[in-house]
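Visitor: Would you mind keeping the following structure in view while I ask a few things?
Laboratory data are not the source of any read-out in this text; all were calculated from the coordinates shown. Values in this document were obtained by computation on a predicted structure and should not be read as measured data. Using ideal geometry, Cβ is built from the backbone for each residue, glycine included, and neighbour counts are taken over all protein chains shown.
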Amino acid sequence: VYSCCYLSRRLNQLSSHDPLWKRHCKKYWLISEEEKSQRNQSWKAIFISTYSDLGRYIRYYATLKKAWDDLEKYLGQRCPRMIGSLKESVREEDLDAVEAQIGCKLPDDYRCSFRIHNGQKLVVPGLMGSMALSNHYRSEDLLDIDTAAGGFQQRLGLKQCLPLTFCIHTGLSQYMALESVEGRNKYEIFYQCPDQMARNPSAIDMFITGTSYLEWFTSYVNKVVTGGYPIIRDQIFRYVHDKECVATTGDITVSVSTSFLPELSSVHPPHYFFTYRIRIEMSKDALPEKACQLDSRYWRITNAKGDVEEVQGPGVVGEFPIISPGRVYEYTSCTTFSTTSGYMEGYYTFHCLYYKDKFFNVTIPRFHMVCPTFKVSTARMVSEDAVVLILVVFFLRPPETNHNEYAVDEDEDSTDTDEYEDRRRVLDIPAPSGRCPRHT
């Protein structure tokens, strides 16, 4: 419209009609009436000046700005100290300088987000969620552009990958692939997962967390601001609650939320680590004499192959909580599967405090745990293909051929060498942080 206004006087008049520009300002730049009053400009002037600065992001800006605004409003009410860790926006030239530094183009949706907020300071709690077990803690910060650029990877296994997040406790990051190399799709977002069974330290599997920055960030924010993730001690915890995963027995309701922990999981060997948070609540309308104490728990655990494990024991996480009308008791535990999914169900046994010889069971609803989509390292696939080729050549070779001619150089990728240890440190693979009590 702005370009066409030079063709005729009538088009010029139409192009200056402020309601036309008001609609575009609100749609593409989320400009409010209050902001217009403060700027003391016409809607047309506001649109043109904003477009000259942010025009390349017109497809993404409104969506990302709304996500950031919603997140700030929500955190301001529930996690105010996290607001103080957010950094101001960056300039176009700052983003251009980063592209020149790393030698890769940044996607426009990623750049657009940094024109609104330059990530977060390296503090706790992290904007991208926390997780805490008895002996394990993770809190992911959303990296500012300079820190992200400093962590840009060119090593085998993570070629042309840019970190988006970082946990100062575990060294864990979520990465975005800036090019389609090593089996990744361009702009795919993932957690790295070193292949523990491969002798090649560049063999890194990946747990996929997003197909683009826009989808990754906005879906996370939506989970947060709609209450999909609980706020615990001023931190966002990435527990997912299935609304159907609730069971009521008499006056007691049990609900479960779950989370997958990539930093404690691996694809090779298959080891998928999940944590679950259980909420036990007695109705506030229950009679006082319904007060009771938890004595024991029973679990029936089934993996994707149908294998069943049964666990029974006293209390939960070493405690024997008392439940009374209106009281809530919550605890966290964990489990592992050798398959990519599984489910648990069971019951708690309580005794009444007023009638000590009266015992009853409370149902724990069935809850499912599913590993996110993952991709196997191309280094592993190449290695497996090489082994097949070696075997084929070995069995097809002429009888007089020297066996050593086809021998594999064992020292080249040996995990027993100091060189491997150095490469492991360069990979920033966090050391295992112990185990938490399972099935409690």
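Visitor: Please turn the phi angles of the stretch 191-205 into ³J(HN,Hα) values with the Karplus equation 6.51 cos²θ - 1.76 cosθ + 1.60 (θ = phi - 60°), one per residue in order, whole Hz, x for glycine and proline.
Guide: Running phi through 6.51 cos²θ - 1.76 cosθ + 1.60 with θ = phi - 60° gives 9, 6, 9, x, 6, 6, 9, 8, 7, 8, x, 7, 7, 10, 7 Hz.
Visitor: Where nothing but the Cβ of Lys and Arg (+1) and of Asp and Glu (-1) is charged, how large is the charge dipole of the stretch 36-107 around its Cα centre, in debye to the nearest 20?
Guide: 420
Visitor: Taking the simple approach of a point 7 Å from Cα along Cα-to-Cβ for both residue 81 and residue 329, what is their distance in nm?
Guide: Between residue 81 and residue 329, the simple spin-label model gives 2.9 nm.
Visitor: Mind checking which lysines have their C-alpha under 21 Å from residue 356, skipping anything on the same chain fewer than 8 residues away?
Guide: The reachable lysines, counting only those whose Cα sits under 21 Å from residue 356, are 290.
Visitor: Work out the FRET efficiency for residue 35 and residue 154 from their Cβ-Cβ distance, taking R0 = 56 Å, and round it to the nearest 0.05.
Guide: Step by step, r from the Cβ atoms, then E = 0.85.
Visitor: Something else: Rg to Rh for the stretch 89-161: what is it, with Cα atoms only and Rh by Kirkwood?
Guide: Ratio value, two decimals: 1.05.
Visitor: Evaluate the distance, in nm, between pseudo-label points positioned 7 Å from the Cα of residue 223 and of residue 92 along their respective Cα→Cβ axes.
Guide: 3.5
Visitor: So, R0 is 45 Å and r is the distance between the beta-carbons of residue 66 and residue 357; what FRET efficiency does that work out to, to 0.05?
Guide: 0.15
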